[in-house]
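Structure record follows, encoded as structure tokens.
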Amino acid sequence: MTKDDRLLVWLRDAHAMEKQAEAMLSAQSSRIESYPELKRKIEEHLAETRRQAGMLQSCIERRGGDTSTLKDLMGKFAAMGQGLGGAFMGDEVIKGSMASYTFEHMEIAAYEVLIATAVACGDQETVAVCQRILNEEVAMAAWLGENLSSVTSQFLSLEEKGASAKR
Ligand code: MG
Ligand code: FE
């Protein structure tokens with residue numbers, strides 16, 4: 001496989017990953033009730049995620065890729081996303097935050113790989129797109145990392161008071 005073919009495969013993988021992220025974030029934001037700041041941040045990143053998927057699609061099309069097969073690849077990240085946006089017994093907000101934190105770091109790794117590949121192919125436009133997306137993933141991962149302990153404190157305090165805490 002040439003590096004140009006490889007870049008196209010990995011752009012498609014990234015597009016599938018963003019569609020999975022969109023499904024996960026959308027499910028989470030619709031379920032969160034007691035954590036307004038977390039909900040707002042997830043909604044903000046959901047909008048970013050939709051733009052990311054669109055930008056990747058443009059890169060794929062510009063490189064002559066066939067977007068009709070994108071649907072087939074969506075299952076690739078299903079295992080990772082499975083249950084992440086779903087219901088958990090009593091600690092949904094915590095398990096969801098942990099899953100999001102993990103997912104953002106997987107995205108960071110994917111864009112580091114894509115940037116290096118696009119550099120090797122001399123595709124400056126794809127480098128710029130992936131660098132922009134990477135910055136958004138880094139910012140979201142950092143926010144989640146910085147807020148995991150405060151979400152946990154809120155959860156523990158709400159749960160102990162017998163208030164609605166799980167989501
Ligand atoms: Mg993303
Ligand atoms: Fe992300």
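Any read-out appearing in this document is the output of simple, stated calculations on the displayed coordinates, not a laboratory observation. This structure is a prediction, so every number in the text was calculated from the model and none was measured.
Give the distance, in whole Å, between the Cα centre of the range 111-126 and the Cα centre of the range 34-48.
30
Can you list the HN-Hα couplings for the range 154-167, worked out from phi with the Karplus curve (6.51, -1.76, 1.60; θ = phi - 60°), rounded to whole Hz and with x for Gly and Pro?
4, 4, 4, 5, 4, 4, 5, 6, x, 7, 5, 10, 5, 8
For Ile32, which sequence-distant residues (separation of 5 or more, or a different chain) have an amide H within less than 5 Å of its own amide H, given hydrogens modelled in the peptide plane?
When sequence neighbours closer than 5 places are left aside, there are no close amide H contacts.
I need the phi-derived Karplus couplings for the range 8-16: 6.51 cos²θ - 1.76 cosθ + 1.60, θ = phi - 60°, integer Hz, Gly and Pro marked x.
5, 4, 6, 5, 5, 4, 5, 4, 4
Given the options Leu38, Leu25, Leu148, state which has the largest fluctuation in a GNM of the chain using a 10 Å cut-off (strictly under) for Cα springs.
Result for the chain, Cα springs under 10 Å: Leu148 fluctuates most.
Kindly count the pairs of lysines across the chain whose alpha carbons are less than 30 Å apart, treating pairs on different chains or eight or more residues apart as eligible.
Counting lysine pairs in the chain gives 24.
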